[in-house]
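Below is one structure, written out as structure tokens, with a few remarks after it.
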Amino acid sequence: MVRWWWFGPSVTRPELERELRVMKEGGIGGVEIQPVYPQALDDPEHYFKNFDYLSDEFIGNLRFAANKARELGLRVDLTLGSGWPFGGPHIPITQAAGKLRVVSVSVPPETRSTPVPSIEVGEKLLAAFLTNSGTKDNAENASLDLSAIQNGRLPLPAQHVASGTVLWFIASRTGMMVKRAAVGAEGFVLDHFDAGAIGTHLSTVGNRLMEAFEGHPPYAVFSDSLEVYDSDWTSLLLEAFRRQRGYDLTPYLPALVQDIGPKTSDVRHDWGKTLTELIDEDYLTPVREWAAQHHTQFRSQTYGIPAVTLASNALVNLPEGEGDQWRSFSPTRWASSASHLLGRPVTSAESWTWLHSPAFRATPLDVKAEADLFFLQGINQLIGHGWPYSPKEAGEPGWAFYAAMVLNDHNPWWLVMPDVTRYLQRASYVLRQGQPANDVAILLPTDDAWAQFTAGKDSVSESTQRLLGPEVIPQVLDAGFNFDFIDAETIAKTGVVSYPVVILPGVERLPLSVYREIETYARHGGIVIATRILPSHAPGLQETEKDTPQVREISENLFHAATGKGVFVADEKLLGKVLAQQIKPDVKTLPPAPEIGFVHRKLRSADIYFLANTSNHPISTTATFRAWEPAAEWWDCSSGEISLASTNSGVPLNLQPYESRVLVFAVGNPPARAQSEATGSMPGNLQDVLDLGTDWTVTFSGLGRSFHLDKLHSWADEQETQFYSGTAVYERNFSVSTKMLSPKIKVHLDFGPGTAVKPPESGEPHMRAWLDGPVREAAQVFVNDQAAGAIWKPPYELEISGGLHRGQNHLKIVVGNLAINTLAGHSLPDRTLLNSKYGVRAIPQDMENLQPLPSGLIGPLRLVIEQEPSHGGN
């Protein structure tokens, strides 16, 4: 699927239909409609208008698009708002995202009163404390009596003799506005801890949007990233805290901004846990219930800010992730883990955000390379980010979202989009079969994350990345295992589930009841490994004194050197070695190849392994698999071909840069369809090589011009075609002898291996494939006017034996480059007037100093003739 950005929104029905039909032709299976900021001013002379969000015109266009998509067999999802996070003009300041505002006022010695901070609409004064006051009892934080305020000043204690500080705590608002809002959707982000605020949004926005669907609801409504920055408070928090934690938070408010002693972490924990409970109860649950009432589902990116947890995903129908960091913590594996724990077969991810920035820079190989990183994290549905609506009037290459990736037909390499989507579809389908077979559950230190919250920093997912540290995940993967995350709340509800191994990575705080579950799991044969430290603290102010001794007792017994069932690893660099001693690795490579990732799915009749080389260089190794059967097949998700796999003494793995394969161990004999053993790229004995790097005629479709090339080289090297973005048709003839037509001969077009690109040594560059191909960037090959295949990823070769005949043969190669060459040759749009009217709602990224990039057939190009190897009996 693709996220379909409607800019303005200023869409027309003919263009909506055209784009939907092009998506269908390109192999895209559906859309998520997201109205966002305008790209142009209203122009009555040319009948261009930005329609207000939720206006009759907008709803009519939405109805048209939904009906047309359904007619074409495309899925339709809908963002439940414009931009993100949810909010808009219907949200008053009293329902806007909440924040704890802390005002610090210095108090000189002998001061008798201090001014009360100004309180705005939507704010409420909660408490005031005199700190470091030098009073006779030396209290660090002396609570002040707000009822004593007179004429805007608060009296200070008479015994106050030294300098100090008054801390004022105010229930305030973040003031955050909806990001990238469409015209008419501007306004405050709503308070995600306030059921009344989400109720206002659902009744005003949600119900209005549903009018467009006329009894045919969208497949799902969508909530984008929870990026409600600084949101850590709500008007009813103190009441909820008292009800759910059993004590009043007010006297302990200074703990949220400073160290008040031994109770600090426990108070912060209880505050963080309460925030999580509020967003679960008053945001996620009402949206899911509203979706059910409207016969649709709730798809949500449930991570980020504020304080949702892994377990919060149980409250949405369709968890979604984001982030390609397959060897470290990422919200992607957070989402897929939740799906695995909940038994949900499909997990989606927002994909290709910022891919090879700037816009129009990403290649088809970039798309595949990042998609594989999502697959390795358990994703089996990709939501492409994205497809910018772009009418003909916008010119070429048209409109783009401010973030990088553009997936529409304004890309010249669109000619291979059906080939790219076929790969993505097959891989996604395979990764939905059976059940996940991950061995390891890594317990997320959620209670430790809550305990480290401070005002303005209340993200569990962001804290988790730091708390996990850099070693645990690579150690698990490199030892030959795959993993899911799990958290204490999930264990409390369902137990440790069915993982053979549970790792406690530097976990200090664990609820006693959960630790007892883990102890029981170990007693019944489960493997428990703790790293760095042992759990030693029961979380929560009310629980810590009562339960901490028992938590420490469990740790002492469970990890006792002589009698304990658990294993303690002080040095996490040894975790992989220890793990492999406890359980046989699922996949092991020799020599080691940490760049190869895998996913194991288990069916009743087979074990499926998806394997991907995530590097820019070829890898040759031998792999052993725990799930072994004498019958094994290679499935190629690009071509759909199936071949036998050698399993005699391990499975040979020869993977090209960014190549992926599926290995299937089937119970019983191999199907008759797999007749030959896979032998890798261009196996056999080379017989002859014909150089095709010279003597080409090239026709540039967009210029209406043809040129003769003595030798293949980039068309961006020539002044006339330097800034040309589009397709070019390369043609030449070559001669074929009778010998080359033998059934034992295979003839390949070999375009060359490509060139590895060294990533920068510093900084965090956007995801890309660090390989420049010999075809820039994609090609369709025709032999004697018959389609032979597409070239867009390694190995850059194509067998053409079946299309040849004796004598002269005609070779035609249609190449599409990047749209960025056109951008490099033109001035960027002047947004001064647009920004004057609407404000700066988005700044296109990385658009400085654009340069045209190599384009076309770079060479070398060879015709390789090989003798097919003979095979013995099975």
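The values are calculated or read from the model by the stated rules, or taken from the named source; none is laboratory data. Every value quoted in this text rests on a predicted model; they were computed, and no experiment measured them. Note: ideal-geometry Cβ built from the backbone for every residue, glycine included; neighbour counts use all protein chains shown. Protein only, heavy atoms only, side chains kept; ligands, DNA and RNA dropped before computing areas. Shrake-Rupley method; radii C 1.70, N 1.55, O 1.52, S 1.80 Å.
Using 0.36 nm per residue and subtracting the Cα-Cα separation, the extra length available between THR520 and GLU393 on full extension is 39.0 nm.
If the Kirkwood radius is taken over C-alpha pairs of the range 73-127, then at 20 °C and 1.002 mPa s the Stokes-Einstein diffusion coefficient equals 135 µm²/s.
A dipole drawn for the chain from +1 and -1 charges on Cβ atoms has a positive end, and of ALA127, PHE559, PRO743 the residue lying farthest that way is PRO743.
Net charge near ARG101, counting Lys/Arg +1 and Asp/Glu -1 over other residues with Cβ under 11 Å of its Cβ?
Around ARG101, the charge tally is -1.
Helix 13-25 and the longest principal axis of the Cα set of the chain meet at an angle near 60°.
Applying 1/(1 + (r/R0)^6) with r as the Cβ-Cβ distance of ASP636 and ARG432 and R0 = 25 angstrom yields a FRET efficiency of 0.90.
Quick check: at a probe of 1.4 Å, how many percent of the accessible area of the chain sits on carbon and sulfur atoms? Carbon with sulfur: 50 percent of the solvent-accessible area. Once both labels are positioned 7 Å from their Cα atoms along Cα-to-Cβ, the gap between VAL757 and LEU603 label points is 3.8 nm.
Using only Cα atoms, figure out Rg for the range 479-519 and give it as a multiple of 2.2 N^0.38 Å.
Against the compact-globule rule of thumb, the ratio is 1.19.
If you take all other residues with their beta carbon under 12 Å from the beta carbon of LEU376, and give Lys and Arg +1 and Asp and Glu -1, the sum is -2. Based on Cα contacts under 8 Å between residues 6+ apart, the chain shows a relative contact order of 10 percent.
Counting only DSSP H runs of at least 4 residues, each contributing -39500 (n - 2.57), and dividing by the residue count of the chain, the helix-based mean residue ellipticity at 222 nm comes to -6500 deg cm²/dmol. When the Cα positions of TYR402, VAL416, ALA437 are compared along the charge dipole of the range 379-515, VAL416 comes out farthest toward the positive end, with charges on each C-beta of Lys, Arg, Asp and Glu.
The calculated FRET efficiency for GLN325 paired with ALA158, based on their beta-carbon distance and R0 = 51 Å, is about 0.30. Summing charges over all other residues whose Cβ lies under 12 Å from the Cβ of GLU519, with Lys and Arg as +1 and Asp and Glu as -1, gives 0. In the structure shown, the pairs LYS24/LYS49; LYS179/LYS273; LYS746/LYS812; LYS602/LYS793; LYS99/LYS493 are assessed against 21 Å; a Cα-Cα span above that value is assigned to LYS24/LYS49; LYS179/LYS273; LYS602/LYS793; LYS99/LYS493.
Any idea what the relative contact order of the range 76-170 is, in percent, if you count C-alpha pairs under 8 Å spaced at least 6 apart?
38
For LYS573, the aspartates and glutamates whose Cα comes closer than 12 Å to its Cα, not counting residues fewer than 8 places off in the same chain, are GLU471, ASP478. The HN-Hα couplings worked out from phi for the range 798-812 by the Karplus form 6.51 cos²θ - 1.76 cosθ + 1.60 (θ = phi - 60°) are 8, 7, 10, 3, x, x, 8, 9, 5, x, 6, 10, 9, 10, 10 Hz, whole numbers, x standing for Gly and Pro.
Size of the dipole of the chain about the Cα centre, Lys and Arg at +1 and Asp and Glu at -1 on the beta carbon, nothing else charged, in debye to 20?
With Lys and Arg at +1 and Asp and Glu at -1, about 1100 debye.
Full extension of the chain between ARG112 and LYS711 gives 206.7 nm of extra length, using 0.36 nm per residue less the Cα-Cα distance.
Once the 1.4 Å probe is applied to the protein heavy atoms, the chain comes out at 40 Å² accessible per residue.
Helix 417-430 and the long axis of the chain differ in direction by around 60°, with both axes built from C-alpha atoms. For the listed peptides 58-64, 43-49, a ranking on the average number of other beta carbons within 10 Å per residue, highest first, reads 58-64, 43-49. Extension gain for ASP145-HIS826 works out to 238.6 nm (0.36 nm per residue, less the C-alpha to C-alpha distance).
A simple spin-label model places pseudo-atoms 7 Å from Cα toward Cβ; at ASP42 and GLU227 they are separated by 2.9 nm.
Here the label points at SER498 and HIS810, each 7 Å from Cα along the C-beta direction, are separated by 5.9 nm in the simple model. Rounded to the nearest 20 debye, the dipole size of the range 731-854 about its Cα centre is 400 debye, using +1 on the Cβ of Lys and Arg and -1 on the Cβ of Asp and Glu.
Of the listed residues ASP750, ASP691, the order by accessible area with a 1.4 Å probe, largest first, is ASP691, ASP750. Restricted to Cα atoms, the chain shows a radius of gyration and a Dmax of 30.7, 109 angstrom. Here's the picture: charge each Lys and Arg Cβ at +1 and each Asp and Glu Cβ at -1 in the range 463-583, and of GLY495, LEU477, GLN550 the one pushed furthest to the positive end of that dipole is LEU477.
How big is the dipole moment of the range 586-672 about its Cα centre under a simple scheme where the beta carbon of each Lys and Arg is +1, that of each Asp and Glu is -1, and everything else is neutral? Debye, nearest 20, please.
About 260 debye.
Surface calculation, 1.4 Å probe, protein heavy atoms: MET177 sits at approximately 90 Å² accessible.
Between LEU709 and TRP696, THR697, VAL698, the built amide H atoms are under 5 Å apart, and every one of these is 5 or more places off in sequence or on another chain. Counting only residues at least eight positions apart within a chain, or on another chain, the aspartates and glutamates with an alpha carbon under 15 Å from that of LYS837 are ASP42, ASP43, ASP52, GLU186. Only protein heavy atoms count here; on that basis, with a 1.4 Å probe, THR131 has an accessible area of about 10 Å². For the chain, the longest principal axis of the Cα atoms and the long axis of helix 512-523 meet at an angle of about 50 degrees. Taking all protein chains as shown and a probe of 1.4 angstrom, SER762 keeps an accessible surface of around 90 Å². Coupling constants for the range 102-118 follow from the phi torsions by the Karplus curve (6.51 cos²θ - 1.76 cosθ + 1.60, θ = phi - 60°), and in residue order they are 10, 10, 9, 10, 5, 10, x, x, 6, 5, 9, 7, 9, x, 7, x, 5 Hz; glycine and proline get x.
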